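Accompanying notes for the structure given below.
Derivation of every value follows stated rules applied to the coordinates shown; laboratory data play no part. Predicted model only: the values in this text are computed from it and were never measured. For neighbour counting, all protein chains shown are included, and Cβ atoms are generated from backbone atoms with ideal geometry for every residue, glycine included.
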Amino acid sequence: MAETIKPCPFCGGVAEVNYYADPINEVTYCVVKCQECESYGASCNMQEEAIPIWNNRPTEKALVDALLTIINYNAMGERELLDAAIQDARKLVEKPPILA
């Protein structure tokens, strides 16, 4: 079963896999492309490669992890750790992680 394609991270629009032919190299490649703002992911040989690349949201995951850490430290009453976790979350917003 094919992986579900997430909405566009830029505009929230619907994205789908598009196939393109390269007549010079005689290959077909695919990309996930937003149908609203036309943003697109990496060119791949198969949609099984293109969809996970499009769906990878390192900033989203990092922020969720940071918020869970903040919630846990707050619940435990760990003020110093809470303050440090809040600062780490602010850094993520100011300078989001990039794809590896």
For the chain, state the average projected area of the convex hull of the C-alpha atoms over all orientations, rounded to one decimal in nm².
-> 8.7 nm²
Long-range amide H partners of Ala15, meaning residues 5 or more apart or on another chain whose placed amide H is closer than 5 Å, are Cys8, Gln35
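By the gyration tensor of its Cα atoms, with a ≥ b ≥ c the square roots of the eigenvalues, what is the shape of segment 15-55: rounded for a/c under 1.5, prolate for a/b over b/c, or oblate?
oblate
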With the charge dipole of the chain built from beta-carbon charges (+1 for Lys and Arg, -1 for Asp and Glu) about the Cα centre, the Cα from Ile71, Phe10, Val27 projecting farthest to the positive end belongs to Ile71
Assign unit charges at the C-beta atoms only (+1 for Lys and Arg, -1 for Asp and Glu), then state the dipole size of segment 15-55 relative to its Cα centre in Debye, rounded to the nearest 20.
-> 40 debye
Long-range alpha-carbon pairs in segment 38-88, meaning those over 12 Å apart, account in percent for 69 percent
Exposure proxy check on Thr28, Thr69, Thr4: fewest-to-most Cβ neighbours within 10 Å is Thr4, Thr28, Thr69
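For the chain, give the magnitude of the charge dipole about the Cα centre (Cβ charges: +1 Lys/Arg, -1 Asp/Glu; no others), in debye to the nearest 20.
The calculation lands at about 300 debye.
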Cysteines of the chain lacking any other cysteine beta carbon under 4.7 Å?
-> Cys30, Cys44
Taking θ as phi - 60°, what are the ³J(HN,Hα) couplings along segment 6-14 by the Karplus curve (6.51, -1.76, 1.60), each to the nearest whole Hz, with x for Gly and Pro?
-> 6, x, 4, x, 9, 10, x, x, 6
What lysines sit close enough to Lys95 to cross-link, taking a C-alpha to C-alpha distance under 23 Å and skipping anything fewer than 8 places away on the same chain?
-> Lys6, Lys61
